[in-house]
Amino acid sequence: MAKNVAEQVVDMLANAGIKRIYAVTGDSLNEINDAVRRSDGKLEWVHVRHEEAGAYAAAAEAELNGIACCAGSSGPGHVHLINGLYDAHRSGAPVIALASTCASHQFGTEYFQETNTIKLFDDCSHYNQIAVTPKQLPRMLQAGVQYAISKKGVSVVGIPGDLTSMDAEEIVSSTANYYAQPVIRPADHDLQKMASLISECSKITLFCGIGCADAHTEVIQLSQRLNAPVGYSFRGKMYVQHNNPNEIGMTGLLGLPSAYHSMHDSDLVILLGTDFPYEQFMPTDCKIIQIDAKPERIGRRAKVDLGLCGNINHTLQALLPLLPQKEDDSFLKDQLELYGKVKDNLFTYVKDRGESGAIQPEFVAHTINELADDNAIFTVDTGMCCVWGARYIASTGKRSMLGSFNHGSMANAMPQAIGAAMACPDRQVIALAGDGGLSMLLGDLATISQYKLPVKIVVFNNRSLGMVKLEMEVAGLPDWQTEMHNPDFALLAQAMGIKGVTVSDPNDVDAALRDAFAHNGPVLLNVITNPNALAMPPKIEFAQVKGMALSMSKYILNGEAGEVWDTIKANYKHIKDVL
């Protein structure tokens, strides 16, 4: 019997290395769903409760394993994919999205659930086409695979519901997945320019991003050759921090004063594989070299004196033989001394465990770091969970950390944990979830339960949109409509078949985490954290201090002096540092 298009899609996805499709089945997707059922295990269908969760799960799997797939049915089904696909695309995660839609003869008639998939997905994909004949589909799907892999991002293939039941057309082009790994580095004369510029400077800082993922050895060699401190972005942390004698932490909104100080005290900063978005943290009175595999990114965040195109590992391998050993290490020693003080200061927050009903989140994150496996996968919600993950979850060289680092969406941690657990069943998966983020996609706790995924969800339950609250206060505004009236998350987890535990006493945190990590199955820990814990950036601007003072004054004038006192008590360590 002839193969139909749905069966061809399944075969091509499996040949491309895709293991599963995250989706909610229905109408125009039903033929593909049935083809998966009959595929003898070539693909797995993961029935998520919301397509956005499916897109996040696929993005997490793609980041960990190289490629993944999600799907959405006509109209609302594939519209729900968009937020997760934006996140995947901006993270460089190779995701294939199947956007099934109404029958092709209904196009342009405002038919039930009809959408224009080309317009809809154009801004969050490298490849975005719709097939209306069996001859188009295989070449479009293959092109989508290649675009996703080579350009690192999303490919969307629109599939009308009537197409999937038609007889497939065989084609002569490839239906496999080709992972090209070229050597990319600057030309010899450009490397010589870089070496000459480096030789003219004595105070050099390296700032590394996710582009250094395969260049840990080379980054260490370069830093030691130049006696250069090494800072990093959040996405670069897991690849750069470990076994790095010259590391000085992160900068940016979530970072530490040490990296900020080092970069601003340098006469040369070398940006390695980073598209760090916050230009206000970049120095403006020193020379800057930037190296990136995507040359269109060079110079868009900082005034660059020399911009070079190349993969970091290939570029540094070619550069290192051109560089003599620098002898003066006084700048490096000064920055490492400052970093030591910063780390000591961070630990003071850990020692302050908080009190019943107001556990300090820094203490919780530090305890998670101490108890988690050396190869654990962490997912962190956007907001305050990102701060605690950035500052207290340490790299080991085997760990991974996933988040919505570029798109900055709430609600990513729990669905990313689904994809991580599916992709890496032999690794511990820990989600650092905010109460606001968890609430948004709460229904997919049922997905975790249904597939018996042993993820550990630690809810930092501060009963507020914590980062938004801080943003409002530093702008001089008393927070408004940021409070969260939460259900009992532990009871909700239990209702969905997940072990749920509420922790409100800091003395119970260690034992609760140990029990959760040892449990053979999913666990949700509902940790009642201090809602007044702040996350100060590495450099405090006068406008922020003024704004915070103004917002506190407004609290007092509105008869809310207790709120002011609670904030001061919770953050006296931060305030001491600022003063």
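For ARG235, ARG514, ARG427, ARG20, what ranking results if the residue with the fewest other Cβ atoms within 10 Å of its Cβ goes first?
Details: ARG235 25, ARG514 12, ARG427 16, ARG20 20.
By the 10 Å Cβ count, ascending: ARG514, ARG427, ARG20, ARG235.
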(request) Putting +1 on Lys and Arg Cβ atoms and -1 on Asp and Glu Cβ atoms, find which of PRO321, ALA433, ILE184 reaches farthest to the positive end of the dipole of the chain. (result) PRO321
(message) Relative contact order for the chain: what percent, with Cα pairs under 8 Å and sequence separation of 6 or more?
(response) 12 percent
(request) Pull out the extension gain between GLN450 and SER202, defined as 0.36 nm times the separation in residues minus the alpha carbon to alpha carbon distance; nm, one decimal. (result) 83.4 nm
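What does the charge dipole of the chain about its Cα centre add up to, to the nearest 20 debye, if the Cβ of each Lys and Arg holds +1 and the Cβ of each Asp and Glu holds -1?
Numbers: 47 positive and 64 negative charges, 127 e Å.
Rounded to the nearest 20 debye, it is 600 debye.
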(message) Using a 7 Å offset from the Cα along the Cα-to-Cβ direction at both GLU44 and ALA2, what is the distance between the two label points in nm, to one decimal?
(response) 3.4 nm
(message) Is the C-alpha gyration tensor of the stretch 188-338 telling us rounded, prolate or oblate? Criteria: a/c under 1.5 is rounded; beyond that, a/b larger than b/c is prolate, otherwise oblate.
(response) rounded
(message) Return the Rg/Rh ratio of the stretch 133-246 with Cα-based radii and a Kirkwood Rh.
(response) 1.23
(message) Among 161-167, 272-278, 337-343, 150-156, how do they line up by average Cβ neighbours within 10 Å per residue, starting with the highest?
(response) 150-156, 272-278, 161-167, 337-343
(request) Once you have the Cα-Cα distance between ASP344 and LEU477, take 0.36 nm times their residue separation minus that, and quote the gain in nm to one decimal. (result) 44.7 nm
(request) Positive end of the charge dipole of the stretch 188-338 (Lys, Arg +1 and Asp, Glu -1 on Cβ, about the Cα centre): tell me which of ILE291, MET263, CYS201 has its Cα farthest that way. (result) ILE291
(request) Could I have the simple spin-label model distance between THR284 and THR109, label points 7 Å from Cα toward Cβ, reported in nm to one decimal? (result) 6.0 nm
(request) Just the ratio, please: alpha-carbon radius of gyration of the chain over 2.2 N^0.38 Å, N its number of residues. (result) 1.02
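Over all directions, average the projected area of the Cα convex hull of the stretch 411-529 and note it in nm². Walk me through the intermediate numbers first.
On the way: hull surface 30.8 nm².
It is 7.7 nm².
At a Förster radius of 41 Å, what calculated FRET efficiency corresponds to the Cβ-Cβ distance of GLU296 and ASN520, to the nearest 0.05? Before the final figure, lay out the partial values.
Numbers: r = 48 Å, r/R0 = 1.16.
Efficiency for this residue pair is about 0.30.
For the ranges 39-52, 206-219, 88-101, what's the packing order if you count other beta-carbon atoms within 10 Å of each residue, average per peptide, and put the highest first? Intermediate values should be presented prior to the final figure.
Values: 39-52: 18.2, 206-219: 23.1, 88-101: 28.0.
In descending order of packing, they fall as 88-101, 206-219, 39-52.
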(request) Using the structure shown, list the pairs from LYS333/LYS398; LYS303/LYS343; LYS152/LYS452; LYS19/LYS452; LYS237/LYS351; LYS237/LYS341 with a Cα-Cα distance above 26 Å, or answer none. (result) LYS333/LYS398; LYS303/LYS343; LYS152/LYS452
(request) Please give the contour-minus-distance gain from ASN116 to ASP265: 0.36 nm per residue of separation, less the Cα-Cα distance, rounded to one decimal in nm. (result) 48.4 nm
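By the scheme Lys and Arg +1, Asp and Glu -1, what is the net charge of all other residues having a beta-carbon under 13 Å from that of VAL219? Walk me through the numbers on the way to the answer.
On the way: positive: ARG225, LYS237; negative: ASP214, GLU218, GLU247.
Residues near VAL219 contribute -1 overall.
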(request) Among the aspartates and glutamates, select those whose C-alpha is under 19 Å from the C-alpha of LYS135, and discard any that sit fewer than 8 residues away in the same chain. (result) GLU7, ASP11, GLU31, ASP162, ASP167, GLU169, GLU170
(message) Under the rule a/c < 1.5 gives rounded, and otherwise a/b versus b/c splits prolate from oblate, where does the stretch 371-423 land using the Cα gyration tensor?
(response) oblate
(message) Please list 3J(HN,Hα) in residue order for the stretch 216-225, calculated via the Karplus relation 6.51 cos²θ - 1.76 cosθ + 1.60 where θ = phi - 60°; whole Hz, with x for glycine and proline.
(response) 4, 4, 5, 5, 4, 4, 5, 5, 6, 5
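Suppose R0 equals 35 Å; then what is the FRET efficiency for THR133 and ALA180 from their Cβ-Cβ distance, rounded to the nearest 0.05?
Values: r = 29 Å, r/R0 = 0.83.
Here the calculated transfer efficiency is 0.75.
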(message) Can you classify the stretch 5-165 as rounded, prolate or oblate using the Cα gyration tensor, where a ≥ b ≥ c are the square roots of its eigenvalues, rounded means a/c under 1.5, and otherwise it's prolate if a/b beats b/c and oblate if not?
(response) rounded
(request) List, in order, the whole-Hz ³J(HN,Hα) value for each residue of the stretch 74-81 obtained from phi through the Karplus relation with A = 6.51, B = -1.76, C = 1.60 and θ = phi - 60°; use x for Gly and Pro. (result) 3, x, x, x, 7, 4, 4, 5
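Output the peptides 108-120, 438-450 sorted from most to least packed, where packing is the average of other Cβ atoms within 10 Å over each peptide's residues. Walk me through the numbers before you get to the answer.
Values: 108-120: 13.9, 438-450: 20.2.
Top to bottom by mean Cβ count within 10 Å: 438-450, 108-120.
Each reported figure results from applying straightforward, stated rules to the coordinates on display, with no laboratory input. Just so you know, these numbers come straight off a predicted model, no measurement behind them. Using ideal geometry, Cβ is built from the backbone for each residue, glycine included, and neighbour counts are taken over all protein chains shown.
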